[in-house]
Protein chains: 2
Amino acid sequence: MGKEKDKSNEGASEKYENFNEWYNEIVEEAGLCDKRYPVKGMNIWTPYGWKLMQNIDSETRKLVNATDHQEVKFPLLVPQKEFEKEADHIAGFEDEVYWVTRAGRNELDIPLLLRPTSETAMYPIFDLWVRSHADLPLKIYQMVNVFRYETKQTKAFMRMREFHFFEAHTCHATEEGAERQIEEDLEIMEKLSKRLCMPYLSLVRTDWDKFPGAEYSVGADSLMPTGRTLQMAGIHQYKTNFSKAYDITFEDEEGEHKNVYQTTYGMAERLVGAIVAIHGDDKGLVFPPDIAPLQVRIIPIIYGDEEKIMDYCLDIKESLERLGIEVDIDDSDERPGSKFYEAEMKGIPVRLDIGSDEVDQKTVTLVRRDTGEKRTVDREELLDEISSTFKAMQEEMYEKAEEELESNIEDIEDISEIQKEKIYRGGWCGEEACGQEIEDITERDILGTPFDEEGFEGKCINCDENTETVIYLSKTH
Amino acid sequence: MGKEKDKSNEGASEKYENFNEWYNEIVEEAGLCDKRYPVKGMNIWTPYGWKLMQNIDSETRKLVNATDHQEVKFPLLVPQKEFEKEADHIAGFEDEVYWVTRAGRNELDIPLLLRPTSETAMYPIFDLWVRSHADLPLKIYQMVNVFRYETKQTKAFMRMREFHFFEAHTCHATEEGAERQIEEDLEIMEKLSKRLCMPYLSLVRTDWDKFPGAEYSVGADSLMPTGRTLQMAGIHQYKTNFSKAYDITFEDEEGEHKNVYQTTYGMAERLVGAIVAIHGDDKGLVFPPDIAPLQVRIIPIIYGDEEKIMDYCLDIKESLERLGIEVDIDDSDERPGSKFYEAEMKGIPVRLDIGSDEVDQKTVTLVRRDTGEKRTVDREELLDEISSTFKAMQEEMYEKAEEELESNIEDIEDISEIQKEKIYRGGWCGEEACGQEIEDITERDILGTPFDEEGFEGKCINCDENTETVIYLSKTH
């Protein structure tokens, strides 16, 4: 059902037919950002968008605090010599960093770079924080602005030159400890994705596509309405690659000095872009209630006794606020039609329409943003109804997106079958040369192999070699 | 009483005798920051310090949200040409800004500066946001990292080159509207200061000491243990100085285009430094409960039945957590003495000592950090006792600091009376030349005149001219 429904949506939909225009317009029209800032790739977070990002941060904080991560904040500027310690990492980022070379009227002796991510800011300090095995594991995170001089076309939330970034960094005494951390990160990602209603695939990147300096990287990829994928998060096993370069050691129980094993987990404001893209429709945004900047909007429909209606609305607003629900009343002079339009555009999960009928009958008309379903609810049952509507929306929005993801994955046996913009799944011999040939011929990226084994047996889609390795491919945003 | 008590403290106290060493040590020993980051003037926020800053931010947010300010986030980097639009503002900041001149392998065509404050980032956009009187007042704020290339010696939280900053910016249709905003800002500051237990003086700065570009500035100055003052906040009336430079206009009800009137309100991480300095003692930090990163620490004192004591502690911890209190148990292997030492050093407002006596008698020993008062409390009354202890601490810590501030203000009639490191109050003729002479001769800053009139009548402390203007003077941090 999901599949057919999605396909029929696709045919009629601006979002599916002209995704880029739809997306670029909606983020501004719904008030998530202002793109008129006079530096390319740097947008302004307007109040509505920033509230959404703060809600996402708050969900992330709950999950990482519950797993004993501690929040810190490191300086933005990194001295050149610290940046240059890990060779692969420099190579991966040196074309993308902004350099501060002057301060006041002075040229700086040592240029400072704006963090593109904070390994090189943190790791010189980690050796001071980690002395013995008793200091491990070290699990910290920060939520900060980072800078990457993107050369590709920029896009609100999805590819920016300054962007909001969550980064967790951990140190462990053993490789097993670091491996368990990767599992924990994937559990956090799984829980967070339920709050965001954002299904994804966890894929171990190819060696040529891993994070610069990592031993291996796991990407969390979501499906966009284009049939392309967007990476939502990166979880990276560094082993001792950085701890050797930055000399981060600890004294183990036998008094021996060893390098720590490290991992990182990064997510960016791209999560906002993905929520917009996955759940939005031609009427505007659709937010999952758990993270919506505004969860309920009350719309008074006034033809008769204004005061009576407004009192009723205010009473409802207060009762919802007491439950901690984010609610407002649209008491502007606009006509109901344009109030509905705005509430839909802004993706407010639940709308309560209240006119004199509702007041007289002690009811409200409750409208769900995702399905458009409209029903009359008794005032007395309203709080329960809203709470169950939120719960249903969280579940159904996730399921709908999951069906769309699954219905866009196609199993193939040969690269010649790759034609559409969707996700393909097939065998790969594991040879880098063959893999890069697959990418060249298909003009797709190999997203990687599933983090959880799938028990595949088949042939490489390019060279026909027998293999137990399965890969996912797609075009990427 | 307050005065005598303070003086006797001063005599015996490391904090009062060697403030700089005391301060520099305590911020690191208590775990508020790490000063070993390899760029001068840029420290690392460690978890305990960052939690404190977040708590202060959260109190600030409540107050500014309640007055209809909206939170936004502007980009960090500002193009040179936007920076150069308001002459006084450039002159005030050009020696202090960091410049990004390179990105990747390219020299940038237009250098970008790191915001030292965000007027020049925001105001080019304000004209797009404000079209008509219906868009006014515009009241926004952000909490961000800002950068100033300080040439004076840097000091944790008090004078940094990168620091955490709250900045509110407003636009109004009339001068009266902007004046009312200044009053509202001062009310917010007053409420916040009660939460931080941080009394201060609201003083209108001299013309030669106002914010670059402002019509006038009000500083909120707190007294440090040195007898010098520290500016905690700046509230600025811009009138149309910036709106003319940045062409921010609106259409009034008659269809006429006019420049908006603007104000700003800024506070920095300096608030953390002030709390440390004002409330700390020779045993360590002392935090007001309303903003303490950790409000209660339970210390099990185990000689006998460990399990019984730990169960009792856990039960108490859970009952406190249910009330939203930040609480932990120090279950380390350290001896009680060093646990007490740490709890004191970290400034945790309330300590609960629990040994077998307490378990048997269903009590706890409650210790207040500010007074050291220790008393036995029935388990059943504990929640009420903690809540009333928090309340008492908030009030008494504020009052104690207020007494210290007041007892350090001395009225004088002539500049020859200025000898000590304290705050002096006296007449000033109002002439800039005479005022600057006062500053030169006394080696003090004129902090300004009280925002609320004091009904002064007297003579200028320098030129003996009759005057109704009273000024406050002190050395400043």
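The values are calculated or read from the model by the stated rules, or taken from the named source; none is laboratory data. Bear in mind that the values here come from a model prediction, so they are computed numbers and not experimental data. Glycine gets a Cβ as well: all are built from the backbone with ideal geometry, and neighbour counts include every protein chain shown.
When residue A:154 is tested against the conditions (1) farther than 20 Å from residue A:214 by Cβ; (2) in contact (Cβ under 8 Å) with a residue 40 or more places away in the chain; (3) crowded, with 22+ Cβ neighbours inside 10 Å, the lone failure is (3). Which one of the conditions (1) surrounded by fewer than 21 Cβ atoms within 10 Å (Cβ to Cβ); (2) over 16 Å from the mean Cα position of the chain (by Cα) does residue B:190 fail to meet, given that it meets all the rest? For residue B:190, the failing item is (2). Just so you know, in region A:132-171 the residues that are away from chain B (no Cβ under 12 Å) and among the polar types (S, T, N, Q) include one that is nearest to the chain's Cα centre (by Cα), and it is A:154.
Residues that are modelled with pLDDT of 95 or more, in a loop (DSSP other than H, G, I, E, B) and surrounded by 13 or more Cβ atoms within 10 Å (Cβ to Cβ): does region A:370-392 have at least one? Taking every residue of region A:370-392 in turn, at least one turns out to be modelled with pLDDT of 95 or more, in a loop (DSSP other than H, G, I, E, B) and surrounded by 13 or more Cβ atoms within 10 Å (Cβ to Cβ). Select, from B:234, B:213, the only residue that is farther than 21 Å from residue B:453 by Cα and of a type in the set (Gly, Ala, Ser). Sole residue among the options that is farther than 21 Å from residue B:453 by Cα and of a type in the set (Gly, Ala, Ser): B:213.
Within region A:352-369, the residues that satisfy the criterion of being farther than 13 Å from residue A:298 by Cβ, buried (at least 17 other Cβ atoms within 10 Å of the Cβ) and of a type outside the set (S, T, N, Q) are A:368, A:369. Taking the numbered list (1) within 9 Å of chain A (Cβ to nearest Cβ); (2) more than 17 Å from residue A:129 (Cβ to Cβ) in turn, residue B:15 passes all entries but (1).
Of a type in the set (Lys, Arg) and outside any strand (DSSP E or B) - does that describe any residue in region B:132-144? The answer is no; no qualifying residue exists. Would you check if there is a residue in region A:202-218 being under 17 Å from residue A:398 (Cα atoms) and either surrounded by 22 or more Cβ atoms within 10 Å (Cβ to Cβ) or assigned by TED's automatic domain parsing to the domain that holds residue A:139 (or both)? Within region A:202-218, one or more residues are under 17 Å from residue A:398 (Cα atoms) and either surrounded by 22 or more Cβ atoms within 10 Å (Cβ to Cβ) or assigned by TED's automatic domain parsing to the domain that holds residue A:139 (or both). Please work out if residue A:398 is assigned to a helix (DSSP H, G or I), in contact with a Cys (Cβ under 6 Å, 6 or more places away or on another chain) and at pLDDT 95 or above. Taking the combined requirement at face value, the residue satisfies it. Selection of region A:39-68 for residues being of a type in the set (A, V, I, L, M), free of Cβ contacts under 8 Å to residues at least 12 places away in the same chain and touching a strand residue (DSSP E or B) at 6+ places or on another chain (Cβ under 8 Å) yields only A:44. Report yes if residue B:454 is assigned to a loop (DSSP other than H, G, I, E, B) and among the charged types (D, E, K, R), otherwise no. It is true that residue B:454 is assigned to a loop (DSSP other than H, G, I, E, B) and among the charged types (D, E, K, R).
For (1) charged (D, E, K, R); (2) outside the structural domain of residue B:187 (by TED's automatic domain parsing); (3) under 23 Å from the mean Cα position of the chain (by Cα), each residue gets a yes or a no:
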site	(1), (2), (3)
B:268	no, no, yes
B:272	no, no, yes
B:275	no, no, yes
B:285	no, yes, yes
B:288	no, yes, yes
B:300	no, yes, no
B:315	yes, yes, no
B:318	yes, yes, no
B:324	no, yes, no
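When B:341, B:261 are checked against the criterion of being over 20 Å from the mean Cα position of the chain (by Cα) and surrounded by 24 or more Cβ atoms within 10 Å (Cβ to Cβ), B:261 stands alone in meeting it. Just to be sure before I move on: is residue B:162 surrounded by fewer than 19 Cβ atoms within 10 Å (Cβ to Cβ), in contact (Cβ under 8 Å) with a residue 40 or more places away in the chain and in the same structural domain as residue B:78 (by TED's automatic domain parsing) in the structure I sent? Against the criterion (surrounded by fewer than 19 Cβ atoms within 10 Å (Cβ to Cβ), in contact (Cβ under 8 Å) with a residue 40 or more places away in the chain and in the same structural domain as residue B:78 (by TED's automatic domain parsing)), residue B:162 does not qualify.
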